[in-house]
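The values are calculated or read from the model by the stated rules, or taken from the named source; none is laboratory data. Keep in mind it's a predicted model, so treat the numbers as computed, not measured. Positions of Cβ are generated from backbone atoms using ideal geometry, with glycine treated the same way; all protein chains shown enter the neighbour counts.
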Amino acid sequence: MDELYRENLMDHYQHPRHHGELPDADAEAEGQNPLCGDHVVVQVRLTDGTIGEMRFTGQGCAVSQAATSMLTELVQGLTVEEAAALPSSAILDELAIPLSPMRVKCAVLGLGTLKLALHRSVGTPLPAEWGDTDEIVWG
């Protein structure tokens, strides 16, 4: 079963969904994981309080890029509040493979960046454990 999930991860890494820039995005943020060299830019178009479209650009390890690709499909059609409240476990469940603590940071980079984009655009709350930050840099 692990092999099936690894194949899914590699498919998302090699053929990312919703990759590219989103002209006239309503929300945008950039996130980095300098320990791994991961970098993502998330852009979102909002439609009546829901995620109408999400795209991303970036580079980095297979986990960060595949997880962000999976995230674009996961949040499609969610309300802004639902997307902002998604726990890290949602994306880890999508990946469905064991990850070391360092790789967990890779996996949730896109989700954290999405939360920051929504916070900046419509004022959704950031996770309390983040403190008062205006950037996503794991390290």
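Go through segment 26-40 and give me each residue that's of a type outside the set (D, E, K, R) and in contact (Cβ under 8 Å) with a residue 24 or more places away in the chain. Step through it out loud before you land on a result.
The first filter runs over segment 26-40 and keeps only residues of a type outside the set (D, E, K, R), leaving 27, 29, 31-37, 39-40.
Within segment 26-40, ALA27, ALA29, GLY31, GLN32, ASN33, PRO34, LEU35, CYS36, GLY37, VAL40 meet the criteria.
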Checklist entry - What pairs come up if the first residue lies in segment 105-118 and is under 18 Å from GLU53 (Cβ atoms) and in contact (Cβ under 8 Å) with a residue 24 or more places away in the chain, the second is surrounded by 24 or more Cβ atoms within 10 Å (Cβ to Cβ) and of a type in the set (Phe, Trp, Tyr), and their beta carbons are under 7 Å apart, counting only those six or more places apart or on different chains? => result GLY110/PHE56
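For segment 27-58, enumerate the residues that are of a type in the set (A, V, I, L, M, F, W, C) and more than 19 Å from GLY77 (Cα to Cα). Let's see the steps before the verdict.
Step one: of segment 27-58, the residues of a type in the set (A, V, I, L, M, F, W, C) are 27, 29, 35-36, 40-42, 44, 46, 51, 54, 56.
Within segment 27-58, ALA29, LEU35, CYS36, VAL40, VAL41 qualify.
Residue by residue through segment 74-95, note down the ones that are assigned to a helix (DSSP H, G or I) and either touching a Leu at 6+ places or on another chain (Cβ under 8 Å) or at positive phi (or both). Before the answer, list the steps.
Going residue by residue through segment 74-95, those that are assigned to a helix (DSSP H, G or I) are 74-75, 80-84, 88-95.
The answer is LEU74, VAL75, VAL80, ALA83, ALA84, SER88, ALA90, ILE91, LEU92, GLU94, LEU95.
So is GLU81 modelled with pLDDT of 95 or more, of a type in the set (D, E, K, R) and surrounded by fewer than 16 Cβ atoms within 10 Å (Cβ to Cβ) or not? Quick ask: steps written out before the conclusion?
Values: modelled with pLDDT of 95 or more: yes; of a type in the set (D, E, K, R): yes; surrounded by fewer than 16 Cβ atoms within 10 Å (Cβ to Cβ): yes.
So GLU81 passes the test.
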Checklist entry - Among the listed residues LEU35, LEU71, which satisfies the condition of being part of a loop (DSSP other than H, G, I, E, B) and touching a Gly at 6+ places or on another chain (Cβ under 6 Å)? => result LEU35
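Residues are listed down the side, and each one gets a yes or a no for (1) of a type in the set (Ser, Thr, Tyr); (2) closer than 25 Å to ASP24 by Cβ; (3) at pLDDT 90 or above:
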| position | (1), (2), (3) |
| --- | --- |
| LEU74 | no, yes, yes |
| LEU92 | no, no, yes |
| LEU126 | no, yes, no |
| GLU129 | no, no, no |
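Just name the residue that is surrounded by the most Cβ atoms within 10 Å (Cβ to Cβ) out of those in segment 31-56 that are among the polar types (S, T, N, Q) and over 11 Å from the mean Cα position of the chain (by Cα).
Of the residues in segment 31-56, the ones among the polar types (S, T, N, Q) are 32-33, 43, 47, 50.
Still in the running and over 11 Å from the mean Cα position of the chain (by Cα): 32-33, 47, 50.
Numbers: GLN32: 21, ASN33: 24, THR47: 10, THR50: 16.
Restricting to residues being among the polar types (S, T, N, Q) and over 11 Å from the mean Cα position of the chain (by Cα), the top hit is ASN33.
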Next on the checklist: If I filter segment 53-65 for residues that are of a type in the set (Gly, Ala, Ser), closer than 20 Å to TRP130 by Cα and part of a helix (DSSP H, G or I), do I get at least one hit?
Outcome noted: yes
Checklist entry - In segment 41-54, which residues are touching a helix residue (DSSP H, G or I) at 6+ places or on another chain (Cβ under 9 Å) and free of Cβ contacts under 8 Å to residues at least 40 places away in the same chain? => result GLY49, THR50, ILE51, GLU53
Item to check | Filter result (in contact with a Leu (Cβ under 6 Å, 6 or more places away or on another chain), surrounded by fewer than 23 Cβ atoms within 10 Å (Cβ to Cβ) and in a helix (DSSP H, G or I)) within segment 96-132 | outcome: HIS119
